[in-house]
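The values are calculated or read from the model by the stated rules, or taken from the named source; none is laboratory data. Because the structure is predicted, anything quoted here is derived from the model rather than measured. Virtual Cβ from ideal backbone geometry, glycine too; neighbours counted across all protein chains shown. Ligands, DNA and RNA are stripped out before the accessible areas are found, and what is left, the full protein with its side chains, is counted by its heavy atoms. Shrake-Rupley method; radii C 1.70, N 1.55, O 1.52, S 1.80 Å.
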Amino acid sequence: MTIRWGSYKVKNLYDEMLRASGRPRPAAQTLCSYLRALKDEDIEEHKLAAESAIHVMGVTFTVYTEEEGSIDRAWPFDIIPRIIDKKEWQQVEAGLKQRVQALNLFIDDLYHKQDIVKDNIFPAELLKDSKNFRPECVGVNPPLNIWAHICGSDLVRDKDGTFYVLEDNLRVPSGVSYMLENRLVMKRLFPEMFDQCNILPVDDYPSQLYDTLAALSPRPGDQPEIAVLTPGIFNSAYFEHAYLAQQMGAELVEGSDLIVDKNDVVYMRTIEGLTRVDVIYRRIDDLFLDPEAFQPDSVLGVPGIMRAWKAGKVALANAPGAGVADDKVVYAFVPDMIKYYLDQDAILPNVPTYKCIDKQEREHVVEHIHEMVVKPANESGGYGMLIGPQASKEEREKFVNLIRRDPRNYVAQPMLTLSTAPTLIGNRVEPRHLDLRPFILSGKQTIVTTGGLTRVALRKGSTIVNSSQGGGSKDTWIVDMEVV
Amino acid sequence: MLSRVANKIYWMARYLERTENTARLINVNTHLLLDLPKRVRLGWEPIVDITSRKDYFYSLYEEADERSVIRFMVTDLRNPGSILCALNMARENTRNIRDIIPREVWEQMNTLHLTAKTNARSVQTQRHRYDYLRSIILGVQTISGMLAGTMTHDAGYDFLRMGRNLERADMTTRIIDVRSATLLPDMSEALSPFENLQWVSVLKSLSAYQMYRREMRLRISRSDVLKFLLQEERFPRAFYHAICQVHNCLESLPRNEKTLLLITKLQQKVQHSKLGTFDQEKLHEFIDELQLGVIKIHDSIDKTYF
């Protein structure tokens, strides 16, 4: 049996590959016919080839279990790519640039004059309660006034195919290495497709990241010493930390490799003695970064690194405190920010979001809780959420109580019908829901990855795409239809 | 280069070398036992002896029979010197330095680790043992070749070679020590042809047989084998060669004075000894001194760079 598009039904939602009529979207036409021509053995062969490539490349993420500590798992990968027309993508790209620009202005404003609060656009009490606002960062001027150098925004499509921003990850977003690896696997698997279609490359990212980081060096002129700071091999994203360091030719350091001297200069311990470090791409959360400034018992961090950063002797990306804008309540204000700082309308819409801190909106949420997705402000990884339509009565009641007790900490969104794409389940294609995480680099210029990481919920009907909860990934092809 | 990274590379190389050496050792012992007359009961205990883990072995197993020793030396994860354990450690060290070593090496390391784990049971049947161990030896050799061919020969590579050669020097002395001790007692006339066989097996454990033949062009004799394995400068698994390699590596590293001094002393000790005149007891003492020398060099590297 081969892939029969005839039995793949698109009903009441947007499918990335096929239209409701069952015909492929123009950008996916070549791929569709290619897949149709594959025999069962071919599909099996491709799947095995992908699995062994991933195994051999050592692409893993770490899952924590109580019995075994942490174990490496290969990240499930679906060999059918997700395709987006370049013309449509350019719109998204412009929207993301605009968004991240506004977010950086917002963060810088919060740590300085707080005009947006004074002008009553952003409520003061939200700022007061923010878990990610760092008083230690007030008045600091990071290079280029940029705080969030690397941002990963999650996009979803609703029924009608409109892209919405679901959230912005401004702390230590991960996943970009999977995007790069997925492409490598696909090029090994489907060289013909890359010959026939005009699929835009993604592999510039490491050098763009390097340039973005290098521009932050406090010692311009010299070749900067760049380090990627990782919590270590037990972190779920360690693979990515090592991968990016390797691709950039930067040092991969752990907290214990670094020391800060009394002149606030950061050094790493090398076989030659101590070497100065200029820029640190840190993949450790704020609170673990510096036991002198934050959690005193953190063994992951570097004592004194905040001093060094404030003194301008070392650049940190993302800057400490950037996470203040990575908050599901702050998210709701992004369209207002874009208007306020840039005097523009948002190109990419937010998912309509009810802020429980607002009395009226809160009552609406409570009344319609069976239709809502309720999210806590500061969790990531899909934890601590309520999916109203799928939840039991008790769970809903529990969330109503949680919301009433701590309204600032919750937002709610209507349940979207996420788009689907054909995904290999056994040797059949079935629709599965997916999202998209592009990465945005901000430095002297703003750069958006070509496409991003497509995450797919492998369980039927599920919309949870996180790797820790049964998600997988696909390669994302931005196809240029105008070049022949 | 980060101190932590240098440390990892060094240990990755040591564990890989340990893996390969252990595989060779078991292979050769299997063959040797097939050739020896049944009344010469050399058995498998010497293999455990070589790794200085006899007490630990007997805390886990009752008898040093083939099955137990092979299990202990190849698949038992409780034994830090077993092949699977050494490979685990090599892989963990490599995982830590994925950003330093060529990517194909990490891929090959995963493949090797996976094959060794998946096929581990085949080592218990004599018929499949050779293929299994050979695949491990080849796997390690592939990694060494890839490293030589694709890794920049910078400080990191020096640490790699130092780790490999110190481990090798250590293993060479261990094999000589244990094998020569079990050789001597009660060697009656009737058994003397088999003494020859055992010295051949010592050479083979170190893949040295063919090279010895080319170099010495003589009958196998104790003093020539000792000379070849300890003092030969050009044979890669000879003790002297291995520490000369460490010397070379150190010369291009910073802050090397103290360690270089230790190595020079050890080099002189090996070269100036009259091995032919050593009886078993003297040889044992001498080898002890060499091993102590290796440990001192390791400690000095550890203190200076890690």
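Do we find that B:Tyr240 is at pLDDT below 95, crowded, with 20+ Cβ neighbours inside 10 Å and in contact with a helix residue (DSSP H, G or I) (Cβ under 6 Å, 6 or more places away or on another chain) in this structure?
Details: at pLDDT below 95: no; crowded, with 20+ Cβ neighbours inside 10 Å: yes; in contact with a helix residue (DSSP H, G or I) (Cβ under 6 Å, 6 or more places away or on another chain): yes.
Against the criterion (at pLDDT below 95, crowded, with 20+ Cβ neighbours inside 10 Å and in contact with a helix residue (DSSP H, G or I) (Cβ under 6 Å, 6 or more places away or on another chain)), B:Tyr240 does not qualify.
Filtering the stretch A:168-187 down to residues that are of a type in the set (A, V, I, L, M, F, W, C) and not in a loop (DSSP other than H, G, I, E, B), which residue is nearest to the chain's Cα centre (by Cα)? Give the derivation first.
Residues of the stretch A:168-187 of a type in the set (A, V, I, L, M, F, W, C): A:170, A:172, A:176, A:179-180, A:184-186.
Those left that are additionally not in a loop (DSSP other than H, G, I, E, B): A:176, A:179-180, A:184-186.
On the way: A:Val176: 8, A:Met179: 11, A:Leu180: 14, A:Leu184: 20, A:Val185: 21, A:Met186: 21 Å.
Taking the candidates together, the pick is A:Val176.
Determine if the stretch A:445-460 includes at least one residue that is among the small types (Gly, Ala, Ser) and either touching a Cys at 6+ places or on another chain (Cβ under 9 Å) or closer than 26 Å to A:Val330 by Cα (or both).
Here is the first cut: in the stretch A:445-460, the ones among the small types (Gly, Ala, Ser) are A:451-452, A:457.
Restricting the remaining residues to those that are either touching a Cys at 6+ places or on another chain (Cβ under 9 Å) or closer than 26 Å to A:Val330 by Cα (or both) gives A:451-452.
The answer is yes, given that some residue of the stretch A:445-460 is among the small types (Gly, Ala, Ser) and either touching a Cys at 6+ places or on another chain (Cβ under 9 Å) or closer than 26 Å to A:Val330 by Cα (or both).
Pairs needed: first member in the stretch B:1-19, within 20 Å of A:Thr275 (Cα to Cα) and more than 10 Å from chain A (Cβ to nearest Cβ); second member anywhere, part of a helix (DSSP H, G or I) and of a type outside the set (Ser, Thr, Tyr); C-beta distance under 8 Å; at least 6 residues apart or different chains.
Here the result reads B:Lys8/B:Asn93; B:Lys8/B:Asn96; B:Ile9/B:Asn93; B:Ile9/B:Gly156; B:Ile9/B:Phe159; B:Ile9/B:Leu160; B:Ile9/B:Gly163, each pair linking the stretch B:1-19 to a residue that is part of a helix (DSSP H, G or I) and of a type outside the set (Ser, Thr, Tyr).
Checking the conditions here, which among A:Asp160, A:Asp154, A:Asp129, A:Asp195 is acidic (Asp, Glu) and over 26 Å from A:Glu93 (Cα atoms)? Walk me through it before giving the result.
Working: A:Asp160 fails: over 26 Å from A:Glu93 (Cα atoms); A:Asp154 fails: over 26 Å from A:Glu93 (Cα atoms); A:Asp195 fails: over 26 Å from A:Glu93 (Cα atoms).
None of the others qualify; the one that does is A:Asp129.
Hey, among A:Val138, A:Val117, A:Val156, which residue is closer than 27 Å to A:Arg408 by Cβ, aliphatic (A, V, I, L, M) and in contact (Cβ under 8 Å) with a residue 40 or more places away in the chain? Full working, then the answer.
Values: A:Val138 fails: in contact (Cβ under 8 Å) with a residue 40 or more places away in the chain; A:Val117 fails: in contact (Cβ under 8 Å) with a residue 40 or more places away in the chain.
Step by step, each of A:Val138, A:Val117, A:Val156 is checked, and only A:Val156 is closer than 27 Å to A:Arg408 by Cβ, aliphatic (A, V, I, L, M) and in contact (Cβ under 8 Å) with a residue 40 or more places away in the chain.
Taking the conditions exactly as written (of a type in the set (D, E, K, R) and open to solvent by less than 30 Å² (accessible area, probe 1.4 Å)), does A:Lys313 satisfy them or not?
Details: of a type in the set (D, E, K, R): yes; open to solvent by less than 30 Å² (accessible area, probe 1.4 Å): no.
So A:Lys313 does not fit the description; no.
Is one or more of the residues making up the stretch A:214-222 within 12 Å of chain B (Cβ to nearest Cβ) and out of contact with any Gly (no Cβ under 6 Å at 6 or more places or on another chain)?
Of all residues in the stretch A:214-222, those within 12 Å of chain B (Cβ to nearest Cβ) come to none.
So far as the stretch A:214-222 goes, no, none of its residues is within 12 Å of chain B (Cβ to nearest Cβ) and out of contact with any Gly (no Cβ under 6 Å at 6 or more places or on another chain).
Could you grab me the full set of residues in the stretch A:223-246 that are more than 9 Å from every other protein chain (Cβ to nearest Cβ) and open to solvent by 10 Å² or more (accessible area, probe 1.4 Å)?
A:Gln223, A:Pro224, A:Glu225, A:Pro231, A:Phe234, A:Asn235, A:Ser236, A:Ala237
Condition first: within 8 Å of another protein chain (Cβ to nearest Cβ) and either among the hydroxyl-bearing types (Ser, Thr, Tyr) or open to solvent by 20 Å² or more (accessible area, probe 1.4 Å) (or both). Now tell me which residues in the stretch A:252-263 satisfy that. Steps first, please.
Filtering the stretch A:252-263 for residues within 8 Å of another protein chain (Cβ to nearest Cβ) gives A:252-254, A:256-257.
Passing the criteria: A:Glu254, A:Ser256.
So for the stretch B:255-269 (the condition being of a type in the set (A, V, I, L, M, F, W, C) and more than 18 Å from B:Asp158 (Cα to Cα)), does at least one residue qualify?
So far as the stretch B:255-269 goes, yes, one or more of its residues are of a type in the set (A, V, I, L, M, F, W, C) and more than 18 Å from B:Asp158 (Cα to Cα).
Of the residues in the stretch B:42-77, how many are assigned to a helix (DSSP H, G or I), touching a residue at least 24 places away in the same chain (Cβ under 8 Å), of a type in the set (A, V, I, L, M) and surrounded by fewer than 18 Cβ atoms within 10 Å (Cβ to Cβ)?
0
If you take the residues of the stretch B:269-285 that are assigned to a helix (DSSP H, G or I) and closer than 20 Å to B:Ile50 by Cα, which of them is modelled with the lowest pLDDT? Quick ask: steps written out before the conclusion?
Of all residues in the stretch B:269-285, those assigned to a helix (DSSP H, G or I) come to B:269-271, B:275-277, B:280-285.
With the extra rule that they be closer than 20 Å to B:Ile50 by Cα, the set shrinks to B:280-285.
On the way: B:Gln280: 82, B:Glu281: 87, B:Lys282: 91, B:Leu283: 90, B:His284: 88, B:Glu285: 92.
Going through the qualifying residues, I end up with B:Gln280.
Checking A:Asp326 against (1) without any contact (Cβ under 8 Å) to a residue 60 or more places away in the chain; (2) open to solvent by less than 20 Å² (accessible area, probe 1.4 Å); (3) of a type in the set (Asp, Glu), only one condition comes out false. Which one?
(1)
Quick check, is B:Ala86 touching a helix residue (DSSP H, G or I) at 6+ places or on another chain (Cβ under 8 Å), among the small types (Gly, Ala, Ser), closer than 15 Å to B:Arg18 by Cα and away from chain A (no Cβ under 14 Å)?
Numbers: touching a helix residue (DSSP H, G or I) at 6+ places or on another chain (Cβ under 8 Å): yes; among the small types (Gly, Ala, Ser): yes; closer than 15 Å to B:Arg18 by Cα: yes; away from chain A (no Cβ under 14 Å): yes.
Spelling it out, B:Ala86 is indeed touching a helix residue (DSSP H, G or I) at 6+ places or on another chain (Cβ under 8 Å), among the small types (Gly, Ala, Ser), closer than 15 Å to B:Arg18 by Cα and away from chain A (no Cβ under 14 Å).
Restricting attention to the stretch A:264-280, which residues are open to solvent by 10 Å² or more (accessible area, probe 1.4 Å) and among the acidic types (Asp, Glu)?
Selection gives A:Asp264, A:Glu272.
Kindly evaluate B:Gly149 against the criterion of being of a type in the set (Gly, Ala, Ser), without any contact (Cβ under 8 Å) to a residue 60 or more places away in the chain and within 14 Å of another protein chain (Cβ to nearest Cβ).
Numbers: of a type in the set (Gly, Ala, Ser): yes; without any contact (Cβ under 8 Å) to a residue 60 or more places away in the chain: yes; within 14 Å of another protein chain (Cβ to nearest Cβ): no.
Criteria not met by B:Gly149.
On the basis of being open to solvent by 10 Å² or more (accessible area, probe 1.4 Å) and in contact (Cβ under 8 Å) with a residue 12 or more places away in the chain, does A:Thr417 make the cut? Spell out how you get there, then give the answer.
Details: open to solvent by 10 Å² or more (accessible area, probe 1.4 Å): yes; in contact (Cβ under 8 Å) with a residue 12 or more places away in the chain: yes.
It is true that A:Thr417 is open to solvent by 10 Å² or more (accessible area, probe 1.4 Å) and in contact (Cβ under 8 Å) with a residue 12 or more places away in the chain.
Identify, please: which residue in the stretch A:238-296 is within 29 Å of the chain's Cα centre (by Cα) and of a type in the set (S, T, N, Q) and is, among those, modelled with the lowest pLDDT?
A:Gln246
Could you tell me whether the stretch B:93-114 includes any residue that is out of contact with any His (no Cβ under 8 Å at 6 or more places or on another chain), loosely packed, with under 15 Cβ neighbours inside 10 Å and outside the structural domain of B:Pro236 (by TED's automatic domain parsing)?
No, the stretch B:93-114 has no match at all.
Out of B:Arg213, B:Arg234, B:Arg222, report the one residue that is open to solvent by 20 Å² or more (accessible area, probe 1.4 Å), at pLDDT below 95 and in contact with a His (Cβ under 8 Å, 6 or more places away or on another chain).
Numbers: B:Arg213 fails: in contact with a His (Cβ under 8 Å, 6 or more places away or on another chain); B:Arg222 fails: in contact with a His (Cβ under 8 Å, 6 or more places away or on another chain).
On inspection, the qualifying residue turns out to be B:Arg234.
Starting from residues that are of a type in the set (S, T, N, Q) and more than 9 Å from chain A (Cβ to nearest Cβ), keep the ones in the stretch B:95-130 and report whichever is nearest to A:Ala53 (Cα to Cα). Can you show your working first?
From the stretch B:95-130, those of a type in the set (S, T, N, Q) are B:96, B:108, B:110-111, B:115, B:118-119, B:122, B:124-126; that's our starting set.
Subset that is more than 9 Å from chain A (Cβ to nearest Cβ): B:115, B:118-119, B:122, B:124-126.
Working: B:Thr115: 15, B:Thr118: 18, B:Asn119: 20, B:Ser122: 25, B:Gln124: 30, B:Thr125: 31, B:Gln126: 33 Å.
Across the stretch B:95-130, the extreme among qualifying residues is B:Thr115.
Would you check if B:Asp158 is free of Cβ contacts under 8 Å to residues at least 12 places away in the same chain and part of a helix (DSSP H, G or I)?
no
Go through (1) in contact with a helix residue (DSSP H, G or I) (Cβ under 7 Å, 6 or more places away or on another chain); (2) small (Gly, Ala, Ser); (3) part of a strand (DSSP E or B) one by one and return the number of the condition A:Ala421 breaks.
Every listed condition holds for A:Ala421 apart from (1).
Quick check, is A:Gly249 more than 14 Å from every other protein chain (Cβ to nearest Cβ) and surrounded by fewer than 23 Cβ atoms within 10 Å (Cβ to Cβ)?
On the way: more than 14 Å from every other protein chain (Cβ to nearest Cβ): no; surrounded by fewer than 23 Cβ atoms within 10 Å (Cβ to Cβ): yes.
No.
Report the residue count in the stretch B:256-270 for those that are farther than 27 Å from A:Gly273 by Cα and open to solvent by 30 Å² or more (accessible area, probe 1.4 Å).
2
State yes or no: is B:Thr30 open to solvent by less than 60 Å² (accessible area, probe 1.4 Å), within 14 Å of chain A (Cβ to nearest Cβ) and over 15 Å from the mean Cα position of the chain (by Cα)? Even if it seems obvious, please write down each step before you answer.
Numbers: open to solvent by less than 60 Å² (accessible area, probe 1.4 Å): yes; within 14 Å of chain A (Cβ to nearest Cβ): no; over 15 Å from the mean Cα position of the chain (by Cα): yes.
Against the criterion (open to solvent by less than 60 Å² (accessible area, probe 1.4 Å), within 14 Å of chain A (Cβ to nearest Cβ) and over 15 Å from the mean Cα position of the chain (by Cα)), B:Thr30 does not qualify.
Look through the stretch A:443-484, keep the residues that are open to solvent by 10 Å² or more (accessible area, probe 1.4 Å) and assigned to a strand (DSSP E or B), and return whichever of them is nearest to A:Pro431 (Cα to Cα).
A:Arg455
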